[in-house]
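Here's the structure, in structure tokens; my notes come after.
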Amino acid sequence: MSDKHQAGFVNIFGAPNAGKSTLLNTLLGENLVITSHKVQTTRHRILGILTEPTYQIVFSDTPGIMEPQYKLHEKMMQQVKSALEDGDIAILVHDINLPIEELEPITAMLKLKVPCILLLNKSDTLKDKKKIEELVTIYKNKFPKWDIVPVSALQKTNTDKIVPLILKNLPEAPAYYPEDSMSDRSERFFVAEMIREQIYKLYHEEIPYHAAVIIQAFEEKTTLNVIKAEIIVSRETQKVILIGKGGSLIKQLGINSRKVIEEFLQKKVHLELFVKVRPKWRDNENYLSEYGYN
Ligand SMILES: Nc1nc2c(ncn2[C@@H]2O[C@H](COP(=O)(O)OP(=O)(O)OP(=O)(O)O)[C@@H](O)[C@H]2O)c(=O)[nH]1
Ligand SMILES: [Mg+2]
């Protein structure tokens, strides 16, 4: 038996909503990072670690690449840049329904110097298989050095092709993380993210974009965990919407969040949610660093 072991960093980049986080979850076989049908769901670089006997792939999910409008967005783009610095391989996720031109600002920003796998995602939405082949040819002509694969991250179509392509270029190295670690982030971080995911599901329009979630207390008792979380919004009117008539919506948010958190922690949870208004928090350095965006 050969004792070759490969390990390295594979960063997942792309436009907002391309399906980067969905892809990471599919590759890990686990719902680690949050997803939503709205843009700008992911705000941090989050590691997702896939360990097998002969290799360890340290994936990074990153925020969707865009022109920053707030300091929060600038912080998000810094997270993308930090992933650029230590990558061995890049995965670029592109919605197959979008024109090829929409990749230009992204490749211009990334200036990739590492091997790249371009995934034409959401291929399940194109019923005409011939059209998929045609598109692959067009992208291959434009990016001759890259591996190009049409996939569906959601339906898990063709996603089994990705790891073998990574292993083609992954360096020989010992594992970077213990074999049982799934991420670099804490349970508290993922609990805050799960509440944010439920906010994306329950509220419409601008609310999710203005909301941050901070875990104030995380007490592990023998039979249950007591978790207190603050939801930060930018305006009084958003607080009113978040709470809902007679507290009905915040109550629903608590019920939905508790359910997923209990599944994640495999333990009963007592969850308390508080809403706070912090005007213009998305443009305030102090708030941003207090809320973990640095
Ligand atoms: N039909 C279809 N939908 C997909 C596929 N992959 C992702 N989606 C959907 O696209 C939306 C965005 O997915 P995310 O994984 O959150 O996208 P993202 O690139 O991480 O987005 P940001 O974090 O906002 O940059 C969600 O509603 C997903 O369910 C796919 O292969 N097919
Ligand atoms: Mg995402």
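Working ranking of peptides 85-93, 114-122, 223-231, 136-144 by packing, defined as the average number of other Cβ atoms within 10 Å per residue, highest first, is 114-122, 85-93, 223-231, 136-144. Here the peptides 128-135, 35-42 are ranked by packing, the mean other Cβ count within 10 Å, and the order with the highest first is 35-42, 128-135. Which of the three applies to the stretch 1-147, rounded, prolate or oblate, going by the alpha-carbon gyration tensor with a ≥ b ≥ c and a/c under 1.5 meaning rounded? Rounded, because the longest to shortest axis ratio a/c is under 1.5. Averaging 1/r over each pair of different alpha-carbon atoms in the stretch 185-294 and inverting the result gives 14.2 Å, the Kirkwood hydrodynamic radius.
Under the rule a/c < 1.5 gives rounded, and otherwise a/b versus b/c splits prolate from oblate, where does the stretch 90-214 land using the Cα gyration tensor? It is oblate, given that a/c is not under 1.5 and a/b is not larger than b/c. Note on residue 216/residue 137: beta-carbon distance plugged into 1/(1 + (r/R0)^6) with R0 of 41 Å gives a FRET efficiency of 0.15. In the stretch 226-253, which residues have a backbone nitrogen under 16 Å from the label point lying 7 Å from residue 201's Cα in the Cα-to-Cβ direction? Only 249-253 pass the distance filter. Computed from the C-beta positions of residue 172 and residue 255, the FRET efficiency with R₀ = 51 Å rounds to 0.55. If you take the square roots of the eigenvalues of the alpha-carbon gyration tensor of the stretch 138-208 and sort them as a ≥ b ≥ c, do you get rounded (a/c under 1.5), prolate (a/b over b/c) or oblate? Because a/c hits 1.5 or more and a/b fails to exceed b/c, the stretch 138-208 counts as oblate.
The length gained by stretching the chain between residue 127 and residue 165 to full extension, at 0.36 nm per residue less their Cα-Cα distance, is 11.1 nm. Using the Cβ atoms and a cut-off under 13 Å, what net charge is assigned to the surroundings of residue 164, where Lys and Arg are +1 and Asp and Glu are -1? Within the 13 Å Cβ shell, the charges total -1. For the Cα atoms of the chain, what angle does the longest principal axis make with the long axis of helix 248-265, in degrees from 0 to 90, nearest 10? Roughly 50 degrees between the two axes. Using C-alpha pairs under 8 Å with a sequence gap of at least 6, the mean separation divided by the residue count of the chain gives a relative contact order of 18 percent. Just to verify a number: FRET efficiency for residue 188 and residue 277, C-beta to C-beta distance, R0 = 22 Å, to 0.05? Working from the Cβ atoms, E equals 0.45.
Compared with the dominant Cα axis of the chain, that is its longest principal axis, helix 129-142 is turned about 80°.
The long axis of helix 187-202 is offset from the longest Cα principal axis of the chain by roughly 80 degrees.
Translational diffusion of the chain, estimated by Stokes-Einstein from the Kirkwood radius over alpha carbon pairs at 37 °C in a medium of 0.692 mPa s, is 161 µm² per second.
Since every read-out is calculated from the coordinates, none of them should be taken as a lab result. All values reported here derive from a predicted model rather than from experimental measurement. Cβ coordinates were reconstructed from backbone atoms using ideal geometry, including for glycine residues, and neighbour counts include every protein chain displayed.
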